[in-house]
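A.B. asks: Let me begin by handing over the structure; questions about it come next.
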Amino acid sequence: MALLRDQLKSAERELARLKSKMAAAQGEDLAAQAIDINGVKVLAMSMQEVDAKTLRETLDMLKSKLKSAAVVLASTAGGKVSLIAGVTSDLTAKVKAGELVNFVAQQVGGKGGGRADMAQAGGTEAAKLPAALASVQAWVQQKLSIQG
């Protein structure tokens with residue numbers, strides 16, 4: 001019995017490591033898709049089959065890679081939407097991750113919040129996610145120009 005438990009734990013650790021590695025690879029691909037708005041990288045993407053921990057890891061990697069950025073990542077499972085938003089520290093005076101994630105979450109039947117640099121949310125209307133993600137660029141552009 002103990003042997004089985006050890007094997008299961010080992011398999012779970014390996015699965016977590018592989019998911020993390022896959023997210024990092026996906027993150028590299030995602031970074032290339034960021035749009036530049038006045039020197040600020042804006043990225044709003046949906047990732048397939050990833051959990052909240054993987055979304056956070058990918059967000060952190062993207063923030064460090066893109067330097068000056070506002071990023072929203074989403075994942076859907078079972079009709080539910082998981083969202084995470086991150087803003088690099090140089091931008092938090094103009095763009096707050098909590099406001100950004102809430103803006104997207106409201107469009108997918110949810111709400112959320114968090115700090116100025118990182119925030120999470122959930123929603124229940126996965127079908128509305130593509131339009132919600134598409135609206136991020138204009139929202140960030142507006143925030144940058146208001147106080148720009």
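A.B. asks: Suppose every Lys and Arg Cβ carries +1 and every Asp and Glu Cβ carries -1, with no other charges. What dipole size does the stretch 48-138 come out with about its Cα centre, to the nearest 20 debye?
C.D. replies: Around 140 debye, computed over the stretch 48-138.
A.B. asks: Once phi is turned into θ = phi - 60°, what whole-Hz ³J(HN,Hα) does the Karplus curve with 6.51, -1.76 and 1.60 give for every residue of the stretch 99-104, x standing for Gly and Pro?
C.D. replies: Karplus-based 3J(HN,Hα) across the stretch 99-104 equals 5, 5, 5, 5, 4, 6 Hz.
A.B. asks: Using only the alpha-carbon atoms, how far is helix 136-146 inclined from the longest principal axis of the chain? Give it as 0 to 90 degrees, nearest 10.
C.D. replies: Compared with the principal axis, the helix lies near 40 degrees.
A.B. asks: With the cut-off at 25 Å, tell me which of the pairs Lys21/Lys65; Lys41/Lys80; Lys21/Lys41; Lys67/Lys94; Lys21/Lys94 have Cα atoms farther apart than that.
C.D. replies: Pairs exceeding 25 Å: Lys41/Lys80; Lys21/Lys94.
A.B. asks: Still on this model: Normalised by the number of residues in the chain, what is the relative contact order in percent for Cα pairs under 8 Å and 6+ residues apart?
C.D. replies: The normalised contact order for the chain reaches 18 percent.
A.B. asks: Using the Karplus equation 6.51 cos²θ - 1.76 cosθ + 1.60 (θ = phi - 60°), what ³J(HN,Hα) coupling, rounded to whole Hz, does each residue of the stretch 32-45 give in order, writing x for Gly and Pro?
C.D. replies: Whole-Hz 3J(HN,Hα) from phi for the stretch 32-45: 5, 9, 5, 9, 8, 10, 6, x, 9, 7, 10, 9, 9, 9.
A.B. asks: Classify the stretch 94-139 as rounded, prolate or oblate from the Cα gyration tensor: take a ≥ b ≥ c as the square roots of its eigenvalues, call it rounded if a/c is under 1.5, otherwise prolate when a/b beats b/c and oblate if not.
C.D. replies: Verdict is oblate for the stretch 94-139.
A.B. asks: Indicate the gyration tensor shape class of the stretch 42-122 (rounded, prolate or oblate), computed on the Cα atoms with a ≥ b ≥ c the square roots of the eigenvalues: a/c under 1.5 is rounded; otherwise a/b larger than b/c is prolate and the rest oblate.
C.D. replies: Here the stretch 42-122 falls in the oblate category.
A.B. asks: With a 1.4 Å probe and every protein chain left in place, work out the accessible area per residue of the stretch 15-138 in Å², rounded to a whole number.
C.D. replies: Result: 47 Å² of accessible area for each residue.
A.B. asks: Can you give me the % of accessible surface on the stretch 34-148 that is carbon or sulfur? Probe 1.4 Å, all protein chains present, nothing else counted.
C.D. replies: Of all accessible area on the stretch 34-148, carbon and sulfur atoms account for 51 percent.
A.B. asks: Output the antiparallel fraction of DSSP beta bridges having both residues in the chain, as a percent to the nearest 5.
C.D. replies: Taking every DSSP beta bridge with both residues in the chain, the antiparallel ones total about 80 percent.
A.B. asks: Mean shadow of the chain, computed from the convex hull of its alpha carbons, in nm²?
C.D. replies: 9.3
A.B. asks: With the chain treated as a Gaussian network of Cα nodes joined by springs under 10 Å, which of Gly109, Gly39, Gly86 yields the largest mean-square fluctuation?
C.D. replies: Gly39
A.B. asks: Across the stretch 64-79, in residue order, what do the Karplus-derived ³J(HN,Hα) couplings come to in whole Hz, using 6.51 cos²θ - 1.76 cosθ + 1.60 with θ = phi - 60° and x for Gly and Pro?
C.D. replies: Along the stretch 64-79, the couplings run 6, 6, 8, 6, 10, 7, 10, 10, 10, 10, 9, 8, 10, 7, x, x Hz.
A.B. asks: Would you check the accessible area of Ile146, probe 1.4 Å, heavy atoms only, in square angstrom rounded to 10?
C.D. replies: Probe radius 1.4 Å; accessible area of Ile146 about 110 Å².
A.B. asks: So what's the gap between the Cα centers of the stretch 92-145 and the stretch 1-49, to the nearest angstrom?
C.D. replies: 21
The values are calculated or read from the model by the stated rules, or taken from the named source; none is laboratory data. Source: prediction; values computed, not measured. Note: ideal-geometry Cβ built from the backbone for every residue, glycine included; neighbour counts use all protein chains shown. Note: areas computed on protein heavy atoms with side chains; ligands, DNA, RNA excluded. Shrake-Rupley method; radii C 1.70, N 1.55, O 1.52, S 1.80 Å.
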